[in-house]
Amino acid sequence: DGGITQSPKYLFRKEGQNVTLSCEQNLNHDAMYWYRQDPGQGLRLIYYSQIVNDFQKGDIAEGYSVSREKKESFPLTVTSAQKNPTAFYLCASSRMGHTGELFFGEGSRLTVL
Amino acid sequence: QKEVEQDPGPLSVPEGAIVSLNCTYSNSAFQYFMWYRQYSRKGPELLMYTYSSGNKEDGRFTAQVDKSSKYISLFIRDSQTCDSNTYLCAMRDDQAGTALIFGKGTTLSVSS
């Protein structure tokens, strides 16, 4: 079945630790995105990538880093520089030229202890 | 002023009611308008997609865009308990490669 797989679903981290969230898609989509969702805040864009080895910052990129070495994969690292990392993280993908139709993964819930 | 405004609710209606969900926006360059539905603790899924102004109907759902007023709506007819979800509006402009801007989402509860 085609889709987007995010892992882990739940993650706990101590303050000061970096953590990497995985996102893999087998939809052959060119574009991939990371969003953060907080209660009452909606979805806010962290980073997005339209092609391999290229990515752009979204509205809240500070404290995060990404890589796009393969078309299928777009991992997100939450660094210790992110002041308030506890959130629900959503990865999405879309076909080139169809950036309105996003396919989302199930999400990863990160809690910093 | 935020680019996209959406009342978070919660909105509670009885089964069978007509539901109206709305968003306003400030960027007149927005051309593509979407409604996503999000089940609790899941990723959103696309519900409706419209381009520019006008109406689009799909079953019990109607999406309406009024660009002159910078206002979009999603109507749900004959609402059912399974419609209880969070609904997010999203939009973007015509430039290639720009990402979606989402509203905060409205939580809808339909009671039997």
Practice item. Give the relative contact order (percent, whole number) for the range B:58-112; include only Cα pairs under 8 Å separated by 6+ residues. Key: 31
Check your understanding: If you average the sequence gap of Cα pairs under 8 Å that are 6 or more apart and divide by the length of the range A:6-91, what percent do you get for the contact order?
Key -> 33
Study note, to complete from the structure: Partnerless cysteines (no other Cys beta carbon under 4.7 Å) identified across the protein assembly as shown are B:Cys82
Review point. Ranking A:Phe88, A:Phe103, A:Phe74 by Cβ neighbours within 10 Å, fewest first, what do you get?
Key: A:Phe88, A:Phe103, A:Phe74
Study note, to complete from the structure: Using the Cα gyration tensor of the range A:64-113, the equivalent ellipsoid's semi-axes, largest first and to the nearest Å, work out to 24, 14, 9
Exercise for review: Excluding residues fewer than 8 places away in the same chain, name every one of the aspartates and glutamates whose C-alpha is closer than 12 Å to that of A:Lys71.
Suggested key: A:Glu24, A:Asp30, A:Asp54
**Study point:** About the Cα centre, charge dipole magnitude for chain A (Lys/Arg +1, Asp/Glu -1 at Cβ), debye
**Key:** 300
Check your understanding: Over all residues in A:43-56, what is the mean tally of Cβ atoms on other chains that come within 10 Å of each residue's Cβ?
Key -> 2
Review point. Taking only C-alpha pairs under 8 Å that are 6+ residues apart, what is the relative contact order of chain B in percent?
Key: 37
Review point. If you bin every alpha carbon distance in the range B:67-112 into 10 Å steps from zero, what whole percent lands in each bin?
Key: 21, 40, 28, 10, 1
Exercise for review: For the range B:1-91, state which GluC sites (Glu not before Pro) are in a DSSP loop and have at most 15 other beta carbons lying within 10 Å of their beta carbon.
Suggested key: B:Glu3, B:Glu15
**Study point:** Across A:Lys9/A:Lys83; A:Lys57/B:Lys104; A:Lys9/B:Lys2; A:Lys57/B:Lys2, pairs whose alpha-carbon gap is larger than 23 Å
**Key:** A:Lys9/B:Lys2
Review point. What number, in nm² with one decimal, is the all-direction average of the projected area of the convex hull of the alpha-carbon atoms of chain B?
Key: 6.9
Review point. Averaged over peptide B:37-49, how many Cβ atoms belonging to another chain are found within 10 Å of each residue's Cβ?
Key: 4
Practice item. Starting from 0 in steps of 10 Å, tell me what percent of the Cα-Cα pairs of chain A lands in each bin. Key: 15, 51, 29, 5, 0
Point to revise | Inter-label distance for A:Gln17 and B:Asn55, nm, one decimal - labels placed 7 Å from Cα along Cα-to-Cβ | key: 5.5
Practice item. Determine the shielding of peptide A:84-91 by partner chains: average, over its residues, the number of Cβ atoms on other chains within 10 angstrom of each Cβ. Key: 1
Practice item. Give me the distance in nm between label points sitting 7 Å out from Cα along the Cα-to-Cβ direction at B:Lys42 and B:Tyr71, one decimal. Key: 3.2
Check your understanding: Can you list the GluC sites (Glu not before Pro) in the range A:1-94 that are in a DSSP coil and have 13 or fewer other beta carbons within 10 angstrom?
Key -> A:Glu15, A:Glu62, A:Glu69
Review point. Nearest 20 debye, what's the magnitude of the dipole of the protein assembly as shown about its Cα centre given +1 on Lys and Arg Cβ and -1 on Asp and Glu Cβ?
Key: 480
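We did not get these values from a lab; they are worked out from the coordinates using the rules stated. Since we're looking at a predicted model, the values are computed, not measured. Neighbour counts are summed over all protein chains in view; Cβ atoms, including those assigned to glycine, are modelled from backbone coordinates with ideal geometry.
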